[in-house]
Amino acid sequence: MVTLLDGGAYLVGGNEIIPDSPEAEAAVLSKTGKRITRKEAAEQTICFRILKSHNTSGSMDKLKIRFDKLTSHDITFVGIIQTARASGLQKFPMPYVLTNCHNSLCAVGGTINEDDHMFGLTCAKKYGGVYVPPHQAVIHQFAREMLAGGGRMILGSDSHTRYGALGTMAVGEGGPELVKQLLNQTYDINMPEVVGVYLTGAPVKGVGPQDVALAIIGAVFKNGYVKNKVMEFVGPGVASLSADFRIGIDVMTTETTCLSSIWKTDDEIKEFYEIHGRQEDYEELNPGEVAYYDGMIQVDLSKVRPMIAMPFHPSNTYTIEELNANLEDILDETEKRAQVSLDGAVEFHLRDKIKNGKFMVDQGIIAGCAGGGFENICAAADILKGSSIGMDGFTLSVYPASMPVYMELIKNGCAAAIMETGAVMKTAFCGPCFGAGDTPANNAFSIRHSTRNFPNREGSKLQNGQISSVALMDARSIAATAANKGVLTPATDFEGEIGKYKYHFDSKIYANRVFDSHGVADPDTEIQFGPNIKDWPAMGELPENLLLQVVSEIHDPVTTTDELIPSGETSSYRSNPLGLAEFTLSRKDPEYVGRAKAIHALEEERMKGGHPCHVMPAIREVMAPIKEKFPEVGHENTGFGSTIFAVKPGDGSAREQAASCQKVLGGWANIANEYATKRYRSNLINWGMLPFLIKEGELPFHNLDYLFIPGIKKAVEEKAEVIPAYVVKDGGLKEFELRLGELTDEERRIILRGCLINYNRV
């Protein structure tokens with residue numbers, strides 16, 4: 001089904017793989033009659049050519065990228081624009097689309113969500129952007145329909161910013177990276193490695209894009225095969241997939257931890273642009289005659305079978321057939337694995353879902369940028385047609401990804417076929433993907449064609465004793481399960497026909513409702529603020545020395561951004577930095593906020609010219625051994641703040657608030673064995689936080705210990721590789737080593753200034 005090459009490979013003529021070896025260049029010569037070096041062949045990937053056309057540095061080793069377009073949703077755009085305004089924003093220098101697909105329900109916190117929407121509309125007018133009202137489209141569907149283009153690059157403040165199937169290299173990053181683009185700065189990265197995804201064969205009936213995506217994720221996530229790399233989809237199997245099918249695989253590449261994705265394009269994609277009235281945006285993309293890839297994933301599409309990703313990660317994958325054949329064993333294994341993710345906070349059971357030897361599901365959801373596509377829903381309608389989901393506890397909700405998709409489903413009868421079964425059709429909304437809609441009952445099990453199934457992402461709260469769980473599946477098998485009244489069923493068991501429906505895109509909905517400035521700013525427009533929209537608090541520069549208290553210690557193999565700052569109803573407070581910060585780590589470590597505030601109070605006193613001991617007299621005892629070894633150290637040149645330790649933090653969402661909430665509570669650093677994603681590490685840096693690394697297995701400190709880092713400012717300035725630090729304990733100092741990893745000169749300046757806002761105010 002999915003195999004990984006151990007090493008790089010040459011792709012010759014788009015359809016022959018030659019694994020890298022001392023004899024590889026000779027093999028390429030014999031096939032092509034040309035002597036081609038690995039470096040020359042690496043420049044023949046689609047990825048290389050697109051990056052080269054967007055790079056402004058003059059060096060293809062150290063890239064400085066300017067994107068063509070930007071896109072954000074209503075969890076992120078307020079903070080981005082507020083940061084850019086504080087840094088001198090006058091006009092959006094490129095098309096910037098503000099969608100409203102996350103805080104759409106306006107169900108929590110009174111007026112605050114709609115206040116954010118009005119803020120977005122007035123900013124689109126003032127600075128020359130595009131505003132998509134609530135329920136019209138989820139962010140990525142609108143981008144596919146209206147923004148993507150062959151050979152282009154789009155930056156979005158959402159981790160699932162992926163439009164590679166349409167020939168667009170798209171990157172999901174934290175908000176500060178969009179701020180840089182708005183201020184005419186660049187996205188600075190080393191040239192990423194490129195991994196080929198070589199597709200052969202064609203999917204069998206009942207297998208959908210989520211099945212292929214989960215098969216790939218299961219094969220590459222745990223070993224980091226594509227981490228921070230670009231996935232390039234090639235091979236003869238691409239031609240067997242429709243545009244919608246490719247899109248459905250592509251959007252899930254985020255869950256592999258890759259940086260971006262790109263696909264070869266053909267007449268299927270050309271037709272997609274023609275259907276959407278944008279023929280001029282199509283570009284045929286193919287790798288060169290000989291292209292070199294740093295790794296190669298081979299996928300035989302004909303061997304993929306309906307998949308399920310069990311709680312609590314998209315990489316916990318099995319075929320549905322395998323799960324049904326080994327229910328007791330796999331459910332027992334999942335329960336044990338779950339207790340690691342849940343820290344044993346609640347009892348978690350799955351084996352009680354077995355009824356008469358069958359696995360019973362409580363809820364089905366087909367939604368968002370992954371599941372809400374036209375073909376997914378049409379296929380689900382065909383499988384459901386003429387059946388009933390039953391009158392018991394099982395429910396099914398379907399969210400088309402945009403109003404144009406919804407309207408076509410109404411016209412072709414698929415919406416009616418779905419609703420006749422007892423299922424519910426809803427409007428475009430990302431809520432089920434992050435816990436703001438369709439939260440299941442306690443101990444319920446939900447199957448979803450959506451993007452993620454992290455702990456509590458479906459909306460339950462461990463601190464209240466609640467636990468429900470999500471498994472990821474394709475819309476087709478969700479429909480087969482629904483038609484079987486909740487008995488877990490692969491769509492390959494469906495014996496009827498799954499039709500091929502023609503899609504007709506009607507742009508009138510957007511023309512009648514979406515505000516598009518066409519790049520013309522109106523500086524006289526007054527921005528509409530709500531009472532929850534607050535400015536960022538003042539943040540100081542990096543001091544000469546730091547005294548940090550460890551206020552949370554997390555030993556999970558991976559810590560997600562949802563655990564660092566919970567999603568769900570808390571997202572309504574994302575326009576209020578201090579208000580949102582109250583929820584930081586609330587579902588993982590409820591003691592964090594109080595501890596962080598306590599040590600931050602010392603820094604606030606210091607910044608006012610006072611002495612930290614006035615706030616916490618006991619700090620004298622902590623400082624005593626420090627001053628004995630470093631007599632020049634005092635509160636005048638030493639900052640006080642907090643840090644957390646996590647083994648591998650930052651998997652999942654691009655949301656910058658996972659870092660900014662720590663910062664506004666006085667966080668100066670994270671300490672980790674590694675960072676799960678580039679985007680989380682970038683968020684730390686852009687908020688002036690030090691992304692420290694410590695070797696795995698070396699942990700000389702524990703929760704609530706104090707760490708002293710002398711000369712940290714000088715170490716950052718002078719690019720020190722190893723930074724001496726000390727655990728302050730039992731009246732003495734115990735030395736250990738920290739590292740920062742590679743930082744660009746600009747990133748160092750941002751850290752020194754204390755955050756991106758300060759950096760741009762210079």
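The values are calculated or read from the model by the stated rules, or taken from the named source; none is laboratory data. These figures come from a predicted structure and were not determined experimentally. Cβ: placed from backbone, ideal geometry, glycine included. Neighbour counts: every protein chain shown.
Scan the range 656-682 residue by residue and report those that are part of a helix (DSSP H, G or I) and touching an Asp or Glu at 6+ places or on another chain (Cβ under 9 Å). Answer for the range 656-682, where residues must be part of a helix (DSSP H, G or I) and touching an Asp or Glu at 6+ places or on another chain (Cβ under 9 Å): ALA658, CYS661, LYS678, ARG679, TYR680, SER682.
Residue-by-condition table, conditions (1) aromatic (Phe, Trp, Tyr); (2) at pLDDT below 95:
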residue: LEU89; (1), (2): no, yes
residue: PRO95; (1), (2): no, no
residue: CYS106; (1), (2): no, yes
residue: THR111; (1), (2): no, yes
residue: GLY120; (1), (2): no, no
residue: TYR131; (1), (2): yes, no
residue: ALA137; (1), (2): no, no
residue: GLY151; (1), (2): no, no
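Scan the range 325-377 residue by residue and report those that are within 27 Å of ALA137 (Cα to Cα) and modelled with pLDDT under 90. Result: no residue meets the conditions. The set of residues in the range 377-398 that are of a type outside the set (S, T, N, Q), closer than 16 Å to ARG476 by Cα and out of contact with any strand residue (DSSP E or B) (no Cβ under 7 Å at 6 or more places or on another chain) comprises CYS378, ALA379, ALA381, ASP382, ILE383, LEU384, LYS385, GLY386.
Scan the helices (runs of 4 or more DSSP H) fully inside the range 355-436 and keep the ones with 3 or more residues being under 27 Å from the mean Cα position of the chain (by Cα).
On the way: elements: 368-371, 374-384, 403-411, 414-420, 431-434.
Filter on the range 355-436 gives 368-371, 374-384, 403-411, 431-434.
Applying the set (1) surrounded by fewer than 23 Cβ atoms within 10 Å (Cβ to Cβ); (2) touching a strand residue (DSSP E or B) at 6+ places or on another chain (Cβ under 8 Å); (3) in a helix (DSSP H, G or I); (4) of a type outside the set (A, V, I, L, M) to GLN44 leaves exactly one unmet item: (3). When GLY174, GLY201, GLY167 are checked against the criterion of being of a type outside the set (A, V, I, L, M, F, W, C), at pLDDT below 95 and touching an Asp or Glu at 6+ places or on another chain (Cβ under 6 Å), GLY174 stands alone in meeting it.
Whenever a residue of the range 490-513 is outside the structural domain of GLU268 (by TED's automatic domain parsing), its partners that are surrounded by 11 or more Cβ atoms within 10 Å (Cβ to Cβ) and hydroxyl-bearing (Ser, Thr, Tyr), lying with C-beta atoms within less than 7 angstrom and at least six residues away or across chains, give the pairs PRO490/SER477; ALA491/SER477. Here VAL550, VAL520 are screened, and the one residue that is buried (at least 17 other Cβ atoms within 10 Å of the Cβ), at pLDDT 95 or above and not assigned by TED's automatic domain parsing to the domain that holds LYS411 is VAL550.
Listed by first and then second residue, the pairs linking a residue in the range 234-247 that is assigned by TED's automatic domain parsing to the domain that holds VAL299 and farther than 18 Å from PHE374 by Cα to a residue that is basic (Lys, Arg) and surrounded by fewer than 24 Cβ atoms within 10 Å (Cβ to Cβ), with Cβ atoms under 7 Å apart and 6 or more places separating them unless they lie on different chains, are VAL234/LYS264; VAL238/LYS264.
Somewhere in the range 526-536, is a residue closer than 30 Å to GLU145 by Cβ and charged (D, E, K, R)? No, the range 526-536 has no match at all. Here THR489 clears all of (1) surrounded by fewer than 24 Cβ atoms within 10 Å (Cβ to Cβ); (2) under 30 Å from the mean Cα position of the chain (by Cα); (3) β-branched (Val, Ile, Thr) except the condition numbered (1).
Table: residues versus (1) touching a residue at least 40 places away in the same chain (Cβ under 8 Å); (2) in contact with a helix residue (DSSP H, G or I) (Cβ under 8 Å, 6 or more places away or on another chain).
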site: THR76; (1), (2): yes, yes
site: ILE81; (1), (2): yes, yes
site: LEU89; (1), (2): yes, yes
site: ASN100; (1), (2): no, yes
site: LEU121; (1), (2): yes, no
site: ALA124; (1), (2): yes, no
site: GLN141; (1), (2): yes, yes
site: ALA148; (1), (2): yes, yes
site: GLY156; (1), (2): yes, yes
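Of everything in the range 1-41 that's of a type in the set (A, V, I, L, M) and in a helix (DSSP H, G or I), which residue is modelled with the highest pLDDT? Step through it out loud before you land on a result.
From the range 1-41, those of a type in the set (A, V, I, L, M) are 1-2, 4-5, 9, 11-12, 17-18, 24, 26-29, 36, 41; that's our starting set.
In the following step, the residues that additionally are in a helix (DSSP H, G or I) were identified as 24, 26-29, 41.
On the way: ALA24: 90, ALA26: 89, ALA27: 91, VAL28: 88, LEU29: 86, ALA41: 96.
My answer is ALA41.
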